[in-house]
Amino acid sequence: MELSYQEKLTLIKLNEVKKVKFEDLVGRTGLDQVAVMRSLLGLQSRGLARLQEKSERIAKLTETGRKYAQIGLPEWRALAVLKERGKITLDDLRSVLSEDELKPIVGLLRKEGWASVGKEDGKLVLEITEKGMNAKERPIDLALKLLAERKAVPLSEIEKLVPAKELKRRKIAVEDTVTERLVEITPAGEELAPNIELKEEVSTLTPELIKSGKWREVEFKRFNIHAPVRKLHPGKKQPYRAFLDKLRRRLIEMGFIEMTVDSLIETQFWNFDALFQPQNHPARDWTDTYQLKYPKSGHLPAEELVARVKAAHEHGLAGSRGWGYVWSPKRAMLLMPRAHGTALDARQLAKGVEIPGKYFTIQRVFRPDVLDRTHLIEFNQIDGFVVGEDLTFRHLLGILKRFAVEIAGAKKVKFLPDYYPFTEPSVQMSAYHPELGWVEFGGAGIFREEMTKALGVDVPVIAWGIGIDRLAMFKLGIDDIRYLFSYDLRWLREARLVW
């Protein structure tokens, strides 16, 4: 029978006493408690030893109980003053009782029948009774003495004198559980123990052992690779952050160029006007977007670009009639937290793009909303566009489906017609989540010529804006979007890796 060094040592020491408390066996072996327990479990599984555990409910004194054991319960100290004076007020007891003890003392003395209570000159007066003069030791006093003598007393023994809940109510004692472990060698263990040869155990074969020849005199420790071990939680990226970084890398590997910007604050010009969204559109109202209180306004870009955007809004471009109103530069200069990543699409198109070319950005955006399992007021959005001579709406649907299936892991995807001021045709994409059902991912479409031509681009541009937080819900297997920003250590440690 193969036993480890520690198991052999434990069995030999156990054989010397046959039956012993676990703590005593630990002392005999010189090993730590964990090592002895592990050895005993191994010996028990082989039928060489038995480990028995016996748990018992006990009562033990509190700090208050220890104080009462020394100076007496409050009612006895109060009774001593009563015996001396016969009649007292509560003020007369302040020298022997604390304020906390003074509050219940009238009720305690009356309950025991040791004092009668009355009023004189508006003050509460206690007068000793005959029972108080002849007061005798009670069960609670015997329980207090027993606890003071033995430190811990079985609950069953204490409750023969007084209910444990009464001691707990008066903060004299608390309940606890003690476990006694007894270890006993079996007949098979007794038979094996005398024949065990105890050799030094080593876990590493060193050059010194080989050169000296000592390797012949030692035993090499066997390792059980299936044995349970303590879990380690090394530092790692927050799961959602790791998801964003891997998504960014995947898009770059697919040939997309990342668009970046330093600020979360945008002018309405880039957030709305450059996207051909009229200034009287309901989505520009304070109920649908946040507005910056101070500073209130920013600056417009180059005059030539502003003039083309103004013309598109007022009179139209590329054969359209525009929106037919007087465009306000003051309204366009208002500052706001960015409401969608599409604002960066407009900036990039105005700056200049490669044709053909693919661009993306991952941005923090802000929208007034009601917080729930699928909505946040501050969230991440992935926006992107592809620009090229022969692009069609079918190219856009193919890209969106690839996002949902390959990147998010969605099993079902569907597209619904939609409307956006800056795309035509427009589409909404939804994917099926096993817990939430159909969840809207975002919107997409082909940028309108009134927008792209005003920004200096004269070829088709297909674009999309997707709620990346909802994508992460699919990939990380969660059903509440708020959990992406959770402080729950268990989830942070155990969240599955993506890709």
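Only one entry of Glu424, Glu435 meets the criterion of being among the acidic types (Asp, Glu), over 19 Å from Tyr483 (Cβ atoms), surrounded by fewer than 18 Cβ atoms within 10 Å (Cβ to Cβ) and assigned by TED's automatic domain parsing to the domain that holds Gly319, and that entry is Glu424.
Of the residues making up region 453-466, none is farther than 16 Å from Leu275 by Cα and either polar (S, T, N, Q) or in contact with a Lys or Arg (Cβ under 9 Å, 6 or more places away or on another chain) (or both).
Of the residues making up region 151-178, just one is assigned to a loop (DSSP other than H, G, I, E, B), among the β-branched types (Val, Ile, Thr) and under 14 Å from Gly65 (Cα atoms), namely Ile172. Evaluate region 179-194: report whether one residue or more is within 30 Å of Lys67 (Cβ to Cβ), assigned by TED's automatic domain parsing to the domain that holds Tyr5 and loosely packed, with under 14 Cβ neighbours inside 10 Å. The answer is yes; a qualifying residue exists.
In region 241-258, what residues are within 26 Å of Ile355 (Cβ to Cβ), touching a residue at least 40 places away in the same chain (Cβ under 8 Å) and either surrounded by fewer than 20 Cβ atoms within 10 Å (Cβ to Cβ) or of a type in the set (Asp, Glu) (or both)?
Arg248, Arg250, Met254, Gly255, Phe256, Ile257, Glu258 - these are the residues of region 241-258 that are within 26 Å of Ile355 (Cβ to Cβ), touching a residue at least 40 places away in the same chain (Cβ under 8 Å) and either surrounded by fewer than 20 Cβ atoms within 10 Å (Cβ to Cβ) or of a type in the set (Asp, Glu) (or both).
None of Ser39, Ser55 is touching a Ser or Thr at 6+ places or on another chain (Cβ under 6 Å), of a type outside the set (A, V, I, L, M) and free of Cβ contacts under 8 Å to residues at least 60 places away in the same chain except Ser39.
Note on region 19-137: enclosed helices (runs of 4 or more DSSP H) holding 3 or more residues that are buried (at least 18 other Cβ atoms within 10 Å of the Cβ) and within 40 Å of the chain's Cα centre (by Cα) are 33-45.
Is at least one residue of region 395-414 in contact with a helix residue (DSSP H, G or I) (Cβ under 6 Å, 6 or more places away or on another chain), farther than 23 Å from Trp270 by Cα and free of Cβ contacts under 8 Å to residues at least 40 places away in the same chain? Yes, that holds for at least one residue.
Suppose we keep only residues that are closer than 21 Å to Ala444 by Cβ and part of a loop (DSSP other than H, G, I, E, B) within region 245-260. Which one would you say is farthest from the chain's Cα centre (by Cα)? Reasoning before the result, please.
Just the residues of region 245-260 that are closer than 21 Å to Ala444 by Cβ, to begin with: 247-248, 250-252, 254-259.
Filter once more, keeping what is part of a loop (DSSP other than H, G, I, E, B): 254-256, 259.
Numbers: Met254: 35, Gly255: 37, Phe256: 35, Met259: 33 Å.
Once the filter is applied, the top-ranked residue is Gly255.
Against the list (1) surrounded by fewer than 20 Cβ atoms within 10 Å (Cβ to Cβ); (2) in contact with a helix residue (DSSP H, G or I) (Cβ under 9 Å, 6 or more places away or on another chain), the condition Glu266 fails is (1).
The set of residues from region 198-240 being aromatic (Phe, Trp, Tyr) and loosely packed, with under 10 Cβ neighbours inside 10 Å comprises just one member, Phe223.
Of all the numbered requirements in (1) in a loop (DSSP other than H, G, I, E, B); (2) in the same structural domain as Asp469 (by TED's automatic domain parsing); (3) closer than 30 Å to Arg496 by Cβ, Lys236 misses one, and that requirement is (2).
Within region 184-205, can you find the residues that are part of a strand (DSSP E or B) and modelled with pLDDT of 90 or more?
Glu184, Ile185
Residues Ile382, Ile377: which one is farther than 17 Å from Pro425 by Cβ, among the hydrophobic types (A, V, I, L, M, F, W, C) and surrounded by 22 or more Cβ atoms within 10 Å (Cβ to Cβ)? Only one candidate qualifies: Ile382. Do you know which residues across region 415-449 are in contact (Cβ under 8 Å) with a residue 24 or more places away in the chain, in contact with an Asp or Glu (Cβ under 7 Å, 6 or more places away or on another chain) and farther than 19 Å from Leu476 by Cβ? Selection gives Val427, Gly443, Gly445, Ile446, Arg448.
Selection over region 350-367 of residues that are surrounded by 12 or more Cβ atoms within 10 Å (Cβ to Cβ) and either assigned to a loop (DSSP other than H, G, I, E, B) or not assigned by TED's automatic domain parsing to the domain that holds Pro434 (or both) gives a count of 4. Considering region 479-496, the residues that are surrounded by 15 or more Cβ atoms within 10 Å (Cβ to Cβ) and in a loop (DSSP other than H, G, I, E, B) include one that is nearest to the chain's Cα centre (by Cα), namely Ser486. State yes or no: is Ala148 part of a helix (DSSP H, G or I), at pLDDT below 95 and assigned by TED's automatic domain parsing to the domain that holds Ala173? Taking the combined requirement at face value, the residue satisfies it. Anything in region 324-335 that is out of contact with any helix residue (DSSP H, G or I) (no Cβ under 6 Å at 6 or more places or on another chain) and in contact (Cβ under 8 Å) with a residue 40 or more places away in the chain? List them, or say none. Within region 324-335, Tyr325, Ser328, Arg331, Met333, Leu335 qualify.
The values are calculated or read from the model by the stated rules, or taken from the named source; none is laboratory data. Keep in mind that what you see is a predicted model, and the values were worked out from it rather than measured. Reconstructed Cβ throughout: ideal geometry from the backbone, glycine too, with neighbour counts over all protein chains shown.
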